[in-house]
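S.K.: For reference, the structure I am asking about is given below.
Derivation of every value follows stated rules applied to the coordinates shown; laboratory data play no part. Predicted model only: the values in this text are computed from it and were never measured. Glycine gets a Cβ as well: all are built from the backbone with ideal geometry, and neighbour counts include every protein chain shown.
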Amino acid sequence: MPQQHKKVLAVVSDLFFSVKITDAAKRAGMAVELVKDPHELMIKAKAKPSVIIFDLNFEDAQPLELIAKLKGSPEFKGVSLIGYLSHVQGELKQAAQEAGCDMVMARSAFSQNLQQILKRHSGVI
């Protein structure tokens, strides 16, 4: 039976993080898809990715609304939602957690731990 590829959806606008996430996902053996549009994300999320990563500062994508929508739907139960932001944005961190984001991290911590996070979601660890 062929191994099912675990998938990462990433809602990011920053090229640096797009590359970082793509590289880390490949090393973890996961397929990655970058999404910039909220409507497109909701369609692609129906394929049940292992994890959806949000740049919480990517306001055009309405990350808090998307997180709340995904968490509020039984269809997406089991999909992990991870957000990252600047370490000084305490209010945004709290808002993301209240919306249902499973893990909210400072950009620096996210960068340092990205490989481990994706390995955990790929089933390797």
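S.K.: To the nearest whole percent, what portion of all C-alpha pairs in the chain is separated by more than 22 angstrom?
M.R.: Value for the chain: 28 percent of Cα pairs lie more than 22 Å apart.
S.K.: Sticking with this structure for a sec: Considering only A61, P49, S111, whose Cα is most displaced toward the positive end of the charge dipole of the chain, charges sitting on Cβ of Lys, Arg (+1) and Asp, Glu (-1)?
M.R.: P49
S.K.: Where Lys and Arg each count +1 and Asp and Glu each count -1, what net charge lies around A45 among other residues with Cβ under 15 Å from its Cβ?
M.R.: Computed value for this residue: +3.
S.K.: Taking the Cα centre of the chain as the origin, how large is its charge dipole in debye, to the nearest 20, when only Lys and Arg (+1) and Asp and Glu (-1) carry charge on their Cβ atoms?
M.R.: 660 debye
S.K.: Can you tally the net charge around S13? Count Lys and Arg as +1, Asp and Glu as -1, for every other residue whose Cβ sits under 15 Å from the Cβ of S13.
M.R.: Spelling it out: positives minus negatives among the neighbours equals -4.
S.K.: Where does each of 80-88, 64-72 land if you order them by average Cβ count within 10 Å, highest first?
M.R.: 80-88, 64-72
S.K.: Using the beta-carbon distance between E40 and V88 and R0 = 41 Å, what value does 1/(1 + (r/R0)^6) give for FRET efficiency, to the nearest 0.05?
M.R.: So, using R0 = 41 Å, E works out to roughly 0.85.
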